[in-house]
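The values are calculated or read from the model by the stated rules, or taken from the named source; none is laboratory data. Treat the numbers as computed from the prediction; the structure is a model and nothing was measured. Cβ coordinates were reconstructed from backbone atoms using ideal geometry, including for glycine residues, and neighbour counts include every protein chain displayed.
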Amino acid sequence: MSPEDSPSSVWPVLHYDDTRAALRFLVDVLGFAEVVAAPDEHGGVGHAELRWPGGGALVFGSTRHTESVHGRMRAGTSAVYVVSDEVDAVHRRVVDAGGEVLEAPHETRFGSGAVAYVCTVRDPEGNLWTFGTYDGPSPE
């Protein structure tokens, strides 16, 4: 089973004030694939599940839904790292969409000493997204 076919075991959960705009940004600009986008009673997205083409998953919902433990989360308070060989393509889509780039694609060294090619952007509600080539420590 390839990473694209295997289910993700880590699902970051984000919350947005404008869930429809978030869905469009995450899918149309960043490049996630929409799997589930269930509407809510407010005309937004009550629950969404997205997949990254290289593997992994993301869940998001609305800040209007306060009945669960996740309902206490504010928008714009998260950071997510996404492994990708398409750093330049993601950067280009964000720029083309008029999005905010915090760090243009560049080579960096992480605390582990690993070198990666990365780019960091901010989504419309303030969450930080870093796309990079680092995919974890090398097996010894």
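Here is how the numbers come out for the structure above:
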| quantity | calculated |
| --- | --- |
| Filter result (of a type in the set (V, I, T) and in a strand (DSSP E or B)) within the stretch 86-127 | V101, T108, V115, V118, T120, V121 |
| Check on H106, at pLDDT 95 or above and buried (at least 17 other Cβ atoms within 10 Å of the Cβ) | no |
| Total residues in the stretch 84-132, condition under 18 Å from L14 (Cα atoms) and not hydroxyl-bearing (S, T, Y) | 10 |
| Where a residue in the stretch 121-136 is β-branched (V, I, T) and its partner, wherever it lies, is part of a strand (DSSP E or B), with Cβ under 6 Å and at least six apart | V121/V101; V121/W129; T130/Y81; T130/V118; T130/T120; T133/A116; T133/Y117 |
| Condition met for V95 (within 14 Å of the chain's Cα centre (by Cα) and not polar (S, T, N, Q)) | no |
| Given (1) modelled with pLDDT of 95 or more; (2) surrounded by fewer than 17 Cβ atoms within 10 Å (Cβ to Cβ); (3) touching an Asp or Glu at 6+ places or on another chain (Cβ under 9 Å); (4) not charged (D, E, K, R), number of the condition G99 does not satisfy | (2) |
